[in-house]
Structures are given as C-alpha cells and as structure tokens.
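Peer 1: Sending over a structure as structure tokens; questions will come in a sec.
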Amino acid sequence: MGVPREIAVVTILAAAQKIFSEHGFSGASIAAVAREAGIPKANIHYYFSTKEILYQEVLHGTVQEWLGDCETWLRPDSSADTALRGYVASKLAFSRTNPHASRLFAHEILGGARHLGDYLSTTLPEAIHPFKETFEIWMAREEIPKGDPTHFLFCLWAMTQWYADMQPQVTALLGKETLDEGDFASAAETILSLVLRRVG
C-alpha cells in the first residue's frame, strides 16, 4: 500500500522548505529534496511537476500559516492586550519551531520576490485589510499607540520573525548557542511593551 497523498505532500513540503532555505531556489534541486524526504525523486515529480511549482507551494504555505495566525488573533471583538499576547506568542513559537520557513521567505524577498511578486501585489493586500481595520479600531479605543495600521503590522512581523531570520546574530549577542523558552518569553514581553498602550 502506498503512502497517502496528504502524508506524502506534507513530507515533501517539509523537506523542500529545509533545502530551499539552506540553498535558495537556484542552489536547491529536486534530487536534494528527495534525499531529505527519504523518497524517490519520481514521487516528488508526481505531486509537483517542476521545482518552481514546489518552491511556490512552500512559500504560499508559509504565508498562509502566518495569515492564519492573524485571522485567529487579530480580531476587533477581542481586546488588543489579549489578542496581541496570543499573536506574538504564536509568531515567536513559529520562529522557534520552524525557522526554515521564515528564512526561506526572507531569502525570497531579499532576492526581489521573483517567484512571489504577483501574490504580494494582488492577493496579500486584500488578505491583510481586515487586520488593518482591527488596528484602527484598537487605536480608536486607545488600546495601542496611534499610527499607520499597515506599518504597525510590518513592525509586528519584523519583530517576531527576527528571531528566526537573524538567529545566528541573536544567539551571538546573547552569548548562547541556542535560544531557550526564557529567551522567547523575554522577547514576547519586550515586543508587547512596545506595541501595547500602557494605561497610567
């Protein structure tokens, strides 16, 4: 009996994420992904006909997971304090447990978003619109500092993804080989102190 499609695809995407994040699109190969996944190269081509299709699927999956966190937490019917505590904790957990995804996305953006450009200019602006409206509501309720809601979202992304994208720098400056739960807890509290409006 063969491996169920869902399991095969998850295995392939996880392996591809690691290989692409380490070698970039140009340096990665389907053969390397197959070795990482522990499956024949032909199995990957069965689900993803080209390397570019596989690469785009990995990138889109990362963005969708991030947007899922936004949809779960950044809601106007919740207080900014509760929502941002949950969102920041979730994003930092992603940076800790899945740094390959964040680094891969950063590499793609720094490389000019050649494989993600259309998505960034068409689909993503519409997807983040509800979160911007939520920030405007929180700003009107004086729960977060007033400012541009789009840039507020940029700041949240930048601060939480930093711990994955720049992990070697973070560990070096903290004098550690790896980051532990205490480091991420400190990061969360520091970020929240910057984005929440403290009454009194």
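The values are calculated or read from the model by the stated rules, or taken from the named source; none is laboratory data. Here the structure is a predicted model, which means the values were calculated and not measured. Cβ atoms come from the backbone with ideal geometry, glycine included; neighbour counts cover every protein chain shown. These area figures cover heavy atoms from the full protein model, side chains too; ligands, DNA and RNA do not enter into them. Shrake-Rupley method; radii C 1.70, N 1.55, O 1.52, S 1.80 Å.
Peer 1: Could you give the dipole magnitude of region 96-183 about its Cα centre, charging the beta-carbon of Lys and Arg +1 and that of Asp and Glu -1, in debye to the nearest 20?
Peer 2: The dipole of region 96-183 has a size of about 180 debye.
Peer 1: So, in Å, what gap is there between the alpha-carbon centers of region 39-90 and region 138-200?
Peer 2: Result: 20 Å between the Cα centres.
Peer 1: Ignoring the sites themselves, what is the longest stretch of the chain with no GluC sites (Glu not before Pro) in a DSSP loop and at most 15 other beta-carbon atoms within 10 Å?
Peer 2: 1-141
Peer 1: Students sometimes get this wrong: rank THR150, THR123 by accessible area, probe 1.4 Å, all chains present, largest first.
Peer 2: From most accessible down to least: THR123, THR150.
Peer 1: Pop out the carbon and sulfur fraction of the accessible area of region 5-156 as a percent, whole number, probe 1.4 Å.
Peer 2: Working: 4220 of 7620 Å².
Ligands and nucleic acids excluded, carbon and sulfur give 55 percent.
Peer 1: Here is a further query. Counting only the heavy atoms of the protein chains, how much of ILE53 is accessible to a 1.4 Å probe, in Å² to the nearest 10?
Peer 2: Ignoring ligands and nucleic acids, ILE53 comes out at about 80 Å².
Peer 1: Please compute the contact order of region 40-178 in relative form: average sequence separation of alpha-carbon pairs under 8 Å and at least six residues apart, divided by the residue count, as a percent.
Peer 2: 29
Peer 1: Turning to a different aspect of this structure: In what sequence, largest accessible area first, do ARG103, ARG114, ARG141 appear using a 1.4 Å probe?
Peer 2: ARG114, ARG141, ARG103
Peer 1: Another question about this same structure. Would you work out the charge dipole size for region 111-154 about its Cα centre, treating the Cβ of every Lys and Arg as +1 and the Cβ of every Asp and Glu as -1, and quote it to the nearest 20 debye?
Peer 2: Charge dipole, region 111-154, about its Cα centre: 140 debye, nearest 20.
Peer 1: Under 10 Å from the Cβ of ALA80, count the other residues' Cβ atoms, weight Lys and Arg +1, Asp and Glu -1, and hand me the total.
Peer 2: Here the charged neighbours net out to 0.
Peer 1: Tell me the mean residue ellipticity at 222 nm calculated for the chain from its helices only (DSSP H runs of n ≥ 4, each -39500 (n - 2.57), averaged over every residue, nearest 500).
Peer 2: After summing the helix terms and dividing by residue count, I get -24000 deg cm²/dmol.
Peer 1: Would you list the membrane-span-like helices of the chain, meaning whole DSSP H runs whose alpha-carbon atoms span at least 15 Å along their axis and whose mean Kyte-Doolittle value is at least 0.0?
Peer 2: 5-27, 80-97, 99-110, 124-140, 149-165, 181-195
Peer 1: Using heavy-atom solvent-accessible surface (probe 1.4 Å) with all chains present, what is the largest-first order of LYS132, LYS41?
Peer 2: Largest accessible area first, the residues go LYS41, LYS132.
Peer 1: Take a quick pass over the chain and tell me how many lysine pairs come in under 24 angstrom between Cα atoms, counting only ones 8 or more apart or on separate chains.
Peer 2: Qualifying lysine pairs in the chain: 9.
Peer 1: Given a 1.4 angstrom probe, what's the average accessible area per residue across region 64-175, in square angstrom?
Peer 2: Solvent-accessible surface per residue comes out at 51 Å².
Peer 1: Pairs of alpha-carbon atoms within less than 8 angstrom and 6+ residues apart define the contacts here; what relative contact order does region 15-105 have, in percent?
Peer 2: Relative contact order, region 15-105: 36 percent.
Peer 1: With +1 on each Lys and Arg Cβ and -1 on each Asp and Glu Cβ, and nothing else charged, work out how big the dipole of the chain is about its Cα centre, in Debye to the nearest 20.
Peer 2: The dipole of the chain has a size of about 340 debye.
Peer 1: Tally Lys/Arg at +1 and Asp/Glu at -1 over every other residue whose Cβ is under 12 Å from the Cβ of ALA164; what's the total?
Peer 2: +2
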